[in-house]
Amino acid sequence: MVVGTENSLQLYRIENDLAVSAPLEIHRFSSVMKSTALSRHGTIAVATENRIVTLWDINSGDCVAKLSHDWGVEAVFFSPDGQTLVTASSDEVISIWRCDRS
């Protein structure tokens, strides 16, 4: 389970007996997180006020990409197949990104 607080992305492991691990902080952002989305392939997209969408592999905890906008990003969404990421920014621009997971 991935949880975002105001500016921290944290990973919790849920065991078979439903015990929840202590949080592992994946990243602390310099600005407030506005939106998150999780793909079926284990990639989480995090939109922040600083105009950046950061993509993280939740299995490794690695940052796999940074996508920039001209304005702050308000919303992110993965398509059901996880191949497309849609982002919406404060300047009313919607961007469609092709996710190439090999």
Solvent-accessible heavy-atom area per residue, rounded to whole Å², over the chain at 1.4 Å: 61
Calculated over the chain: convex hull of Cα atoms, volume per residue (Å³): 99
Roll a 1.4 angstrom probe over the protein heavy atoms and tell me the percent of accessible area of the chain that is carbon or sulfur. 49
Taking a crude spin-label model, label points 7 Å out from Cα along the C-beta direction, the D100 to R40 distance in nm is 2.1
If I model a spin label at L18 and V93 as a point 7 Å from the Cα along the Cα→Cβ vector, what separation in nanometres do I get? 4.6
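The values are calculated or read from the model by the stated rules, or taken from the named source; none is laboratory data. Note that the coordinates shown come from a computational prediction; the quantities given were computed from them, not determined experimentally. Cβ: placed from backbone, ideal geometry, glycine included. Neighbour counts: every protein chain shown. Just the protein is used for accessible areas: all its heavy atoms, side chains included, with ligands, DNA and RNA removed. Shrake-Rupley method; radii C 1.70, N 1.55, O 1.52, S 1.80 Å.
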